[in-house]
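Enquirer: Structure provided below as structure tokens; questions to follow.
The values are calculated or read from the model by the stated rules, or taken from the named source; none is laboratory data. Values in this document were obtained by computation on a predicted structure and should not be read as measured data. Counting neighbours? That spans all protein chains shown, and the Cβs are built from the backbone with ideal geometry, glycine included. Ligands, DNA and RNA are stripped out before the accessible areas are found, and what is left, the full protein with its side chains, is counted by its heavy atoms. Shrake-Rupley method; radii C 1.70, N 1.55, O 1.52, S 1.80 Å.
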Amino acid sequence: MGHITSIRSISDNLKKYYGDKFEILDTYIMNEDKNLKRWEKFIIKQTKNTNRIWGFGSFIFWFLHFMGGLKFMRFIHRTVFAGHTKHCLKAFKKYNPDVIVSTHYFLTFAGLEYRKKVNPNCKIITYNPDNNVHLWWDNREHLFLVNNQAAFDEAVGIRKFNPSSVEKVSFIARDQIVNANLSREEYRKKFNLPEQFTVVIADGVYACGKAEKVLKQLLKINAPITIIFVAGKNEKLLKKYQKVAQNRKNLVVLPFMQNINEYYKAADVFITKAGPNAVLDSVFMGTPVLIDLYAHPIEKATTKLFTENLGAGKAIYKPKKIKEQVEVWIKDNSELLKFEENCKKIDKFESGGKLSADVIYNYVQQPQVTEFKSDYKNRLYECALQDNLNVLTTPYNVKTQKENVNYDKIVNLSFGEKILRVVVKSVVATFGSMLNFFGFGLKVIGRENLKGIKSAVVVANHVHYVDCLWSLRVFKGKQLYITGAPHNWKKGFGGKILKTGGIVPMPTSFSQGKAFLDTTKKLLDKPAFVQFNPEQSLWIRYEQSRPFKKGAFICAAENNVPVVPVIYTFKKTHFRRKKKVVAHIGKPIYAPDNLSKAQACEYLKQKSQEFYDNTIIDFYGYDKQTYAMNKINYPKK
């Protein structure tokens, strides 16, 4: 039901802001036929089991990870559950959608299969209602919306989503939440509740967690308290405690209700398991949460986000301890008031509803490229058509990034690091050369242009994870340092290998910028070559040019050294499945002496860009008169 709550929020906002632009069909695909209904019952049963059986949820996540994670999930849905997938695709065909928006991992998988097998022009959009990104979410190219920075980092760092396809929006409030604006006292009056300390207890739609155990403990409290117990769709618990409530004036027992959020507002605290949507609804209503259970990694992430990070409540897992805490709050609610203030920071009137609607609308308006076999390649050209030519398109993990960079130690290695450097360079020289020759068929053109140059700034297009190995081959026999994105500056032993191997991280702040320029000056004075990738992002095996940023050219102008452009291209051969790599070394570019530093920077940038563009045009046979970066260029016939 949490997924349904989220999709309703998205539908409400799309209708509100873009109802005149789209024909929006609200469909519950899982009710389309008997097969899908059985499939839904199976999913619901497993969801219940995660709450009923201790450790079941965590075991399932561990097992799926052990079996191969996302690849195993795809395999299972294409084999064991192929019938359910087939019926879902059949349901999609009935509606013939241009866009599929979902909030459930299976519907995202089915949507991507629909695009692959039925309609390649159908756009797939997912809003992830969870507060983390678990391994079930399909990371194939589509718009993937998350609601917090940690989830974004997990998506692009661990789950390997394309960063250009992931958008962070705020939490989304549906209309039912936004329009519920009475005060706590007014809602108590509306529901005939006494003006005393009030608690709501709920554990999801089926009340399969600790709700009953918590209720039994709270019924022992000998103090003024109203207890609202939400049995949801659990008919057995509903009937049982409705009978109990006949003899307990302070107990209110409720079935599943659409307006349960109003009861949240009437309460001083909401005691629940860590279901992302229930917790969020309570916080939107301004009521702190006390989390009594998390059944798996999704709910663990929710607990951490709302209690530790946002301070909207706390977590207590033993029912007896929960009773003791509530007794404390009845006497002194100062802690709850602090939680309430933190709840107000998550404003339902400034939620991500409008932003998510805007992001979805803009994505739908974007051109969709479908002519290449690779979804990733199609995505690159979609970015190009939008003039979004410097966006990151490959996963990166900020969690392994080293926070502080000591640039002095990059130049002045310790004795141990110098020994490690010799080892690293020897290994790279041996295995890198083999990989360059056998793996990429690397061919170098223009090596004569390096004669007589002792120190220079190198600019190269960034088109592969290991194109640094190509550069080491191109500049064989010369001292080469390669600048890299900050997330490549790793913690631990891996970071030491990169450091001793000649990687220099780009600065992330103004203060680091000066230290970075001082370091590059020292390196160029050695003398040495310092390589930049001025496009600022990796586009794997991309066969068009992209605009250079000016950082590399500032460095060259400041140090009065030439710029050596190196452009990597890909040539198809009869003997390789993938195209071989050709490196084009340009003639060194010197800035005229009569130019200022700023003018020299612009001159070097312009001449380097010209070499880049012309090399790409000539090598791939594009039409020079019509060539443009923001279009798909085709070789002249």
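Enquirer: Residues being in contact with a strand residue (DSSP E or B) (Cβ under 8 Å, 6 or more places away or on another chain) and crowded, with 22+ Cβ neighbours inside 10 Å: count how many of those fall in segment 476-499.
Expert: Residues flagged as in contact with a strand residue (DSSP E or B) (Cβ under 8 Å, 6 or more places away or on another chain) and crowded, with 22+ Cβ neighbours inside 10 Å within segment 476-499 amount to 3.
Enquirer: Is it the case that segment 337-356 has a residue that's surrounded by 18 or more Cβ atoms within 10 Å (Cβ to Cβ) and under 30 Å from N630 (Cβ atoms)?
Expert: Yes.
Enquirer: For segment 614-637, check the following and say yes or no: at least one residue is part of a strand (DSSP E or B) and either on the phi > 0 side of the Ramachandran plot or open to solvent by less than 40 Å² (accessible area, probe 1.4 Å) (or both).
Expert: There is at least one residue in segment 614-637 that is part of a strand (DSSP E or B) and either on the phi > 0 side of the Ramachandran plot or open to solvent by less than 40 Å² (accessible area, probe 1.4 Å) (or both).
Enquirer: Can you confirm whether segment 429-446 contains a residue that is more than 37 Å from the chain's Cα centre (by Cα), among the aromatic types (F, W, Y) and under 21 Å from I503 (Cα atoms)?
Expert: No, there is no match, as no residue in segment 429-446 is more than 37 Å from the chain's Cα centre (by Cα), among the aromatic types (F, W, Y) and under 21 Å from I503 (Cα atoms).
Enquirer: Considering only residues of segment 109-128 that are touching a Ser or Thr at 6+ places or on another chain (Cβ under 8 Å) and closer than 13 Å to T370 by Cα, which is least open to solvent (accessible area, probe 1.4 Å)?
Expert: For segment 109-128, the residue satisfying everything is P120.
Enquirer: At least 3 residues that are over 34 Å from the mean Cα position of the chain (by Cα) in each: list the strands (runs of 3 or more DSSP E) lying fully within segment 225-323 that qualify.
Expert: It comes to 226-232, 251-255.
Enquirer: Of all residues in segment 518-566, count the ones that are within 13 Å of I589 (Cβ to Cβ), of a type in the set (A, V, I, L, M, F, W, C) and touching a Phe, Trp or Tyr at 6+ places or on another chain (Cβ under 8 Å).
Expert: Counting residues in segment 518-566 that are within 13 Å of I589 (Cβ to Cβ), of a type in the set (A, V, I, L, M, F, W, C) and touching a Phe, Trp or Tyr at 6+ places or on another chain (Cβ under 8 Å) gives 4.
Enquirer: Here's a follow-up. When you go through (1) buried (at least 22 other Cβ atoms within 10 Å of the Cβ); (2) touching a helix residue (DSSP H, G or I) at 6+ places or on another chain (Cβ under 6 Å); (3) modelled with pLDDT of 95 or more one by one for L143, which number turns out not to apply?
Expert: Against the list (1) buried (at least 22 other Cβ atoms within 10 Å of the Cβ); (2) touching a helix residue (DSSP H, G or I) at 6+ places or on another chain (Cβ under 6 Å); (3) modelled with pLDDT of 95 or more, L143 comes up short only on (1).
Enquirer: Hey, can you tell me all the residues within segment 4-61 that are at pLDDT below 90, open to solvent by 80 Å² or more (accessible area, probe 1.4 Å) and within 25 Å of H87 (Cα to Cα)?
Expert: Hits for segment 4-61 are R8, Y28, K45.
Enquirer: Still on this structure, please answer the following. Of the conditions (1) more than 23 Å from K348 (Cβ to Cβ); (2) open to solvent by 30 Å² or more (accessible area, probe 1.4 Å); (3) modelled with pLDDT under 95, A82 clears all except one; give me its number.
Expert: (3)
Enquirer: Looking only at segment 424-435, which residues are at pLDDT below 90 and either among the charged types (D, E, K, R) or in contact with a helix residue (DSSP H, G or I) (Cβ under 8 Å, 6 or more places away or on another chain) (or both)?
Expert: V424, K425, V428, A429, G432, S433 - these are the residues of segment 424-435 that are at pLDDT below 90 and either among the charged types (D, E, K, R) or in contact with a helix residue (DSSP H, G or I) (Cβ under 8 Å, 6 or more places away or on another chain) (or both).
Quick grid of which residues meet (1) under 16 Å from I589 (Cα atoms); (2) modelled with pLDDT of 90 or more:
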position: S414; (1), (2): no, no
position: I419; (1), (2): no, no
position: V422; (1), (2): no, no
position: L442; (1), (2): no, yes
position: L450; (1), (2): yes, yes
position: V458; (1), (2): yes, yes
position: H464; (1), (2): no, yes
position: L469; (1), (2): no, yes
position: L472; (1), (2): no, yes
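Enquirer: What is the residue count in segment 212-225 for residues that are surrounded by 22 or more Cβ atoms within 10 Å (Cβ to Cβ) and without any contact (Cβ under 8 Å) to a residue 60 or more places away in the chain?
Expert: 1
Enquirer: Separate question: Which count do you get for residues in segment 572-591 that are at pLDDT 95 or above and more than 33 Å from the chain's Cα centre (by Cα)?
Expert: The qualifying residues number 10.
Enquirer: Mind counting the residues in segment 327-370 that are under 30 Å from I124 (Cα atoms), out of contact with any Pro (no Cβ under 7 Å at 6 or more places or on another chain) and touching a residue at least 24 places away in the same chain (Cβ under 8 Å)?
Expert: 19
Enquirer: Can you pull out the residues in segment 226-243 that are closer than 24 Å to L280 by Cα and open to solvent by less than 50 Å² (accessible area, probe 1.4 Å)?
Expert: T226, I227, I228, F229, V230, A231, G232, N234
Enquirer: OK, next. What number of residues within segment 385-415 satisfy the criterion of being under 20 Å from G492 (Cβ atoms), open to solvent by less than 90 Å² (accessible area, probe 1.4 Å) and assigned to a loop (DSSP other than H, G, I, E, B)?
Expert: Qualifying residue count, segment 385-415: 7.
Enquirer: Another question, if that's okay. Do any residues in segment 97-111 that are under 17 Å from V133 (Cβ atoms) have Cβ atoms under 6 Å from those of residues that are open to solvent by 20 Å² or more (accessible area, probe 1.4 Å), where the two are at least six apart or on different chains, and which pairs are they?
Expert: As it stands, the answer is T103/H3; T103/I7; H104/H3; Y105/W136, since those pairs meet every condition given.
Enquirer: Which one is farthest from N222 (Cα to Cα), of the residues in segment 192-211 that are touching a residue at least 12 places away in the same chain (Cβ under 8 Å) and open to solvent by 40 Å² or more (accessible area, probe 1.4 Å)?
Expert: Y206
Enquirer: Tell me which residues, restricted to segment 358-375, are out of contact with any helix residue (DSSP H, G or I) (no Cβ under 8 Å at 6 or more places or on another chain) and surrounded by 17 or more Cβ atoms within 10 Å (Cβ to Cβ).
Expert: The answer is V359, Y363, V364, D375.
Enquirer: Say we look at segment 500-526 and pick out the residues that are among the basic types (K, R) and either under 24 Å from W539 (Cα atoms) or without any contact (Cβ under 8 Å) to a residue 40 or more places away in the chain (or both); which of these is surrounded by the most Cβ atoms within 10 Å (Cβ to Cβ)?
Expert: K521
Enquirer: S455 is checked against (1) farther than 15 Å from I567 by Cα; (2) surrounded by 15 or more Cβ atoms within 10 Å (Cβ to Cβ); (3) within 36 Å of the chain's Cα centre (by Cα) and fails just one. What number does that condition carry?
Expert: Among (1) farther than 15 Å from I567 by Cα; (2) surrounded by 15 or more Cβ atoms within 10 Å (Cβ to Cβ); (3) within 36 Å of the chain's Cα centre (by Cα), S455 violates only (3).
Enquirer: Return a yes/no flag: does segment 308-323 have any residue that is in contact with a strand residue (DSSP E or B) (Cβ under 9 Å, 6 or more places away or on another chain), free of Cβ contacts under 8 Å to residues at least 12 places away in the same chain, of a type outside the set (A, V, I, L, M, F, W, C) and closer than 30 Å to S509 by Cβ.
Expert: There is at least one residue in segment 308-323 that is in contact with a strand residue (DSSP E or B) (Cβ under 9 Å, 6 or more places away or on another chain), free of Cβ contacts under 8 Å to residues at least 12 places away in the same chain, of a type outside the set (A, V, I, L, M, F, W, C) and closer than 30 Å to S509 by Cβ.
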